[in-house]
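Trainee: Mind looking over this structure? Questions follow.
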Amino acid sequence: MRDVPHSRYPGHGVVPIPAPLPVPRSISPSAGTGAGYVIDEETGIDAAPGTERVARWLRATVGAATGLSLPPHTGDTPNRVLLRIVPALAGELGSPEAYRLTADGYALVIDGASETGVFWGAQTFRQLLGPEAFRRAPVTGRRKWPVPAVTIDDAPRFRWRGLMLDVARHFMPTKGVLRYLDLMAAHKLNVFHFHLTDDQGWRIEIKRYPRLTEVGSWRARTKSGHRASPLWEEKPHGGFYTQDDIREIVAYAAERHITVVPEIDVPGHSQAAIAAYPELGNTDVIDTASLTVWDDWGVSANVLAPTGTTVRFYEGVFEEVLELFPSGFVHIGGDECPKDQWRRSPAAQARIRDLGLADEDELQAWFVRHFAVWLAERGRRLIGWDEILQGGLAEGAAVSSWRGYAGGITAARAGHDVVMCPEQQVYLDHRQAGGEDEPVPIGYVRTLEDVYRFEPVPPQLTGEQARHVLGAQANVWTEVMEDQARVDYQTFPRLAAFAEVAWSALPAPADRDFADFERRMAAHYRRLDALGVAYRPPAGPRPWQRRPGVLGRPIEGAPPNV
């Protein structure tokens, strides 16, 4: 950290430069002045055309935390925060999300290559004010907020910087989802992958199929811990988002320059849908009318029947989904689809013969390709988990590489775009330490440092192939996360490390300065405290964060990264 003097309000002495996170591309004292800027009761926001939404966000957040009204700037006084769109920054810094923040003794200016760039610059400005700027109301009596004399040039490394939240296993009410969008924005993450359906629950209202939520959104009880655990929570669990809830979430995300990518799982992970509409299942081999929303974890054997009825049903689902989500991508899952019922189903075998397919894997590929073409005809792109590569993938479809790097490498070499989210590195449901106090330990030990050394681009790819890596995503599966506090514990602080990996131009993993990151995290923990995040402390879980006696599924060792 550097100390710089402040001239306009000399009583403040020196103003240290806080350590932003993610680390900017460049940060240096402003040239020629050595003086910083002070925000006070007279400061207004001068919002140039196209930046009005950012100004509104600043008043609602920084204004609320500081107690300053930050009105529209009027008159000739220099006391203002100037927001401007400067398209040339995109070429200069290499991204339409680039920004330049300049504070000196005369002005505080946030220039962005686009409105999005201005917004990310505003996020950095908030960090420069200190942790108190992350609260919802003032906690100090001060009316002057110094900003250090600094120039920051910044732009993201990747255009897909994602967080996947599973609300199917444990439902998170709308207010909690909006809170996570704020947390994403504070870390400059820009894609919210919304996992809305699974065997254990259907979470989105589809008006033409009301039983999806009437039946599919509730289960009678819930396994406590891993599926090997003998413990159950003997009460109903569920909930769903109305279409107005979805509109609110999408609009709230857009205000924060976050794209919401919905996931509707097909053809596996579909027991909740089959429980609601039994004709969607393989009725010739099982009694689908007796199925209920699954109350256990793992991979259900009950998958969709590959019939015209099922296809038309899900076309109806996706028609309503497209009306609600403007995202260019729609996620269809496509993972972990057991084929046993199809092997035993005369109807499925007849469909394989009629389509001239070789086997059940090609039948799944046919199902996926149908929706890839269907979405493309409507101006959208299909994205799915890396199993969708089996049997061939339609042109234009993209892959979420979760089973390590191999699927992403295969997809990129074949010319498909890829989002890297390997479970061995960025599944945040995996345990954070090997100690006995970790609550419901799942999977591999993945520490804060492990996540910080995650590299999204495999070295096996050529430069041309690497351009297909859209970015990276951290995934939060909620089987053993029964409430918001547990989601916070598993997600933070590791999401902060992931955010820096996805945004910043870091060295190779072995050369990354984790000690410097830890120093900056010392300040960032105070921001998380102000935001009310129940993160895992560096020293280990607090007593109330533990879950003694609740079984997990720890895995010793780990496969290679690539």
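Trainee: Go through the residues of region 427-437 one by one and say whether even a single one is outside any loop (DSSP other than H, G, I, E, B) and touching a helix residue (DSSP H, G or I) at 6+ places or on another chain (Cβ under 8 Å).
Mentor: Restricting attention to region 427-437, the residues satisfying the condition of being outside any loop (DSSP other than H, G, I, E, B) are 427.
From the residues that got through so far, the ones that are touching a helix residue (DSSP H, G or I) at 6+ places or on another chain (Cβ under 8 Å) too are none.
No - not one qualifying residue is present in region 427-437.
Trainee: Among the numbered conditions (1) of a type in the set (A, V, I, L, M, F, W, C); (2) within 30 Å of GLY117 (Cα to Cα); (3) without any contact (Cβ under 8 Å) to a residue 40 or more places away in the chain; (4) surrounded by 18 or more Cβ atoms within 10 Å (Cβ to Cβ), tell me where LEU280 comes up short.
Mentor: Going through (1) of a type in the set (A, V, I, L, M, F, W, C); (2) within 30 Å of GLY117 (Cα to Cα); (3) without any contact (Cβ under 8 Å) to a residue 40 or more places away in the chain; (4) surrounded by 18 or more Cβ atoms within 10 Å (Cβ to Cβ) one by one, LEU280 breaks only (2).
Trainee: Just checking, how many residues over region 201-212 are among the hydroxyl-bearing types (Ser, Thr, Tyr) and within 21 Å of TRP477 (Cα to Cα)?
Mentor: Applying the first criterion (among the hydroxyl-bearing types (Ser, Thr, Tyr)) to region 201-212 yields 209.
Those left that are additionally within 21 Å of TRP477 (Cα to Cα): none.
Result for region 201-212: 0.
Trainee: Could you pull out the residue among VAL109, VAL86 that is without any contact (Cβ under 8 Å) to a residue 60 or more places away in the chain and either of a type in the set (Phe, Trp, Tyr) or more than 24 Å from LEU189 (Cβ to Cβ) (or both)? Even if it seems obvious, please write down each step before you answer.
Mentor: Values: VAL86 fails: either of a type in the set (Phe, Trp, Tyr) or more than 24 Å from LEU189 (Cβ to Cβ) (or both).
Only one candidate passes the filter, namely VAL109.
Trainee: Name every residue in region 359-381 that is closer than 15 Å to GLY396 by Cα and either outside any helix (DSSP H, G or I) or touching a strand residue (DSSP E or B) at 6+ places or on another chain (Cβ under 7 Å) (or both), in order of residue number.
Mentor: Those that are closer than 15 Å to GLY396 by Cα and either outside any helix (DSSP H, G or I) or touching a strand residue (DSSP E or B) at 6+ places or on another chain (Cβ under 7 Å) (or both): VAL368, PHE371, ALA372, LEU375, GLU377, ARG378, GLY379, ARG380, ARG381.
Trainee: For region 96-129, what are the residues that are touching a Pro at 6+ places or on another chain (Cβ under 6 Å) and among the polar types (S, T, N, Q)?
Mentor: Selection gives SER114, THR124, GLN127.
Trainee: Would you tally the residues in region 303-317 being touching a residue at least 24 places away in the same chain (Cβ under 8 Å) and either among the polar types (S, T, N, Q) or surrounded by fewer than 22 Cβ atoms within 10 Å (Cβ to Cβ) (or both)? If you could, list the steps in order and put the result at the bottom.
Mentor: First pass over region 303-317, keeping only residues touching a residue at least 24 places away in the same chain (Cβ under 8 Å): 303-307, 309-311, 313-317.
Restricting the remaining residues to those that are either among the polar types (S, T, N, Q) or surrounded by fewer than 22 Cβ atoms within 10 Å (Cβ to Cβ) (or both) gives 307, 309-311, 313, 315-317.
The total comes to 8.
Trainee: What about ALA539, is it more than 22 Å from VAL399 (Cβ to Cβ), in contact with a helix residue (DSSP H, G or I) (Cβ under 6 Å, 6 or more places away or on another chain), in the same structural domain as ALA168 (by TED's automatic domain parsing) and not in a helix (DSSP H, G or I)? Quick ask: steps written out before the conclusion?
Mentor: On the way: more than 22 Å from VAL399 (Cβ to Cβ): yes; in contact with a helix residue (DSSP H, G or I) (Cβ under 6 Å, 6 or more places away or on another chain): no; in the same structural domain as ALA168 (by TED's automatic domain parsing): yes; not in a helix (DSSP H, G or I): yes.
Judged against the criteria, ALA539 is not a match.
Trainee: Separate question: Pick out the one residue from LYS235, LYS175 that is assigned to a helix (DSSP H, G or I) and charged (D, E, K, R).
Mentor: On the way: LYS235 fails: assigned to a helix (DSSP H, G or I).
Criteria check complete, one pass: LYS175.
Trainee: For region 140-156, state whether one or more residues are at pLDDT 95 or above, in a loop (DSSP other than H, G, I, E, B), under 26 Å from VAL191 (Cα atoms) and touching a Phe, Trp or Tyr at 6+ places or on another chain (Cβ under 6 Å).
Mentor: Yes, region 140-156 contains a residue that is at pLDDT 95 or above, in a loop (DSSP other than H, G, I, E, B), under 26 Å from VAL191 (Cα atoms) and touching a Phe, Trp or Tyr at 6+ places or on another chain (Cβ under 6 Å).
Trainee: While we're on this one: Return the only residue of ASP335, ASP296, ASP265 being in contact (Cβ under 8 Å) with a residue 40 or more places away in the chain, of a type in the set (Asp, Glu) and crowded, with 18+ Cβ neighbours inside 10 Å.
Mentor: On the way: ASP335 fails: crowded, with 18+ Cβ neighbours inside 10 Å; ASP296 fails: crowded, with 18+ Cβ neighbours inside 10 Å.
Exactly one of ASP335, ASP296, ASP265 is in contact (Cβ under 8 Å) with a residue 40 or more places away in the chain, of a type in the set (Asp, Glu) and crowded, with 18+ Cβ neighbours inside 10 Å, namely ASP265.
Trainee: Related question: All but one of (1) surrounded by fewer than 14 Cβ atoms within 10 Å (Cβ to Cβ); (2) at pLDDT below 95 hold for VAL562; which doesn't?
Mentor: Going through the list (1) surrounded by fewer than 14 Cβ atoms within 10 Å (Cβ to Cβ); (2) at pLDDT below 95, VAL562 breaks only (1).
Trainee: Out of (1) farther than 30 Å from THR124 by Cβ; (2) in contact with a Ser or Thr (Cβ under 7 Å, 6 or more places away or on another chain), the odd one out for LEU428 is which?
Mentor: Of everything listed in (1) farther than 30 Å from THR124 by Cβ; (2) in contact with a Ser or Thr (Cβ under 7 Å, 6 or more places away or on another chain), LEU428 misses just condition (1).
Trainee: Do we find that TYR444 is surrounded by 18 or more Cβ atoms within 10 Å (Cβ to Cβ), under 19 Å from the mean Cα position of the chain (by Cα) and closer than 19 Å to GLY225 by Cβ in this structure? Talk me through it step by step, then tell me what you get.
Mentor: Numbers: surrounded by 18 or more Cβ atoms within 10 Å (Cβ to Cβ): yes; under 19 Å from the mean Cα position of the chain (by Cα): no; closer than 19 Å to GLY225 by Cβ: yes.
So TYR444 does not fit the description; no.
Trainee: Restricting to region 280-311, give me the number of residues that are in a helix (DSSP H, G or I) and closer than 18 Å to GLY216 by Cβ.
Mentor: So the first thing to find is which residues in region 280-311 are in a helix (DSSP H, G or I), and the list is 280, 288-290, 308-311.
If we keep only those that are closer than 18 Å to GLY216 by Cβ as well, we get 280, 288-290, 309-310.
Counting residues in region 280-311 that are in a helix (DSSP H, G or I) and closer than 18 Å to GLY216 by Cβ gives 6.
Trainee: Determine which member of the set SER229, SER224, SER217 is farther than 23 Å from VAL440 by Cα and among the hydroxyl-bearing types (Ser, Thr, Tyr).
Mentor: Values: SER229 fails: farther than 23 Å from VAL440 by Cα; SER224 fails: farther than 23 Å from VAL440 by Cα.
Selected residue: SER217, the only one of SER229, SER224, SER217 that is farther than 23 Å from VAL440 by Cα and among the hydroxyl-bearing types (Ser, Thr, Tyr).
Trainee: State whether one or more residues within region 192-202 are surrounded by fewer than 22 Cβ atoms within 10 Å (Cβ to Cβ) and outside any loop (DSSP other than H, G, I, E, B).
Mentor: no
Trainee: In addition: Give me a count of the residues in region 447-479 that are of a type in the set (Gly, Ala, Ser) and surrounded by fewer than 22 Cβ atoms within 10 Å (Cβ to Cβ).
Mentor: To start, the set of residues in region 447-479 that are of a type in the set (Gly, Ala, Ser) comprises 463, 466, 471-472, 474.
Checking the rest, the ones that are also surrounded by fewer than 22 Cβ atoms within 10 Å (Cβ to Cβ) come to 463, 466.
Residues meeting the conditions: 2.
Trainee: Just one of GLY407, GLY391 is buried (at least 16 other Cβ atoms within 10 Å of the Cβ), modelled with pLDDT of 95 or more and within 23 Å of PRO338 (Cβ to Cβ); which is it? Break it down stepwise before answering.
Mentor: Details: GLY391 fails: modelled with pLDDT of 95 or more.
Just one listed residue meets the conditions, GLY407.
The values are calculated or read from the model by the stated rules, or taken from the named source; none is laboratory data. Keep in mind the model is a prediction, meaning the values are calculated, not measured. Cβ: placed from backbone, ideal geometry, glycine included. Neighbour counts: every protein chain shown.
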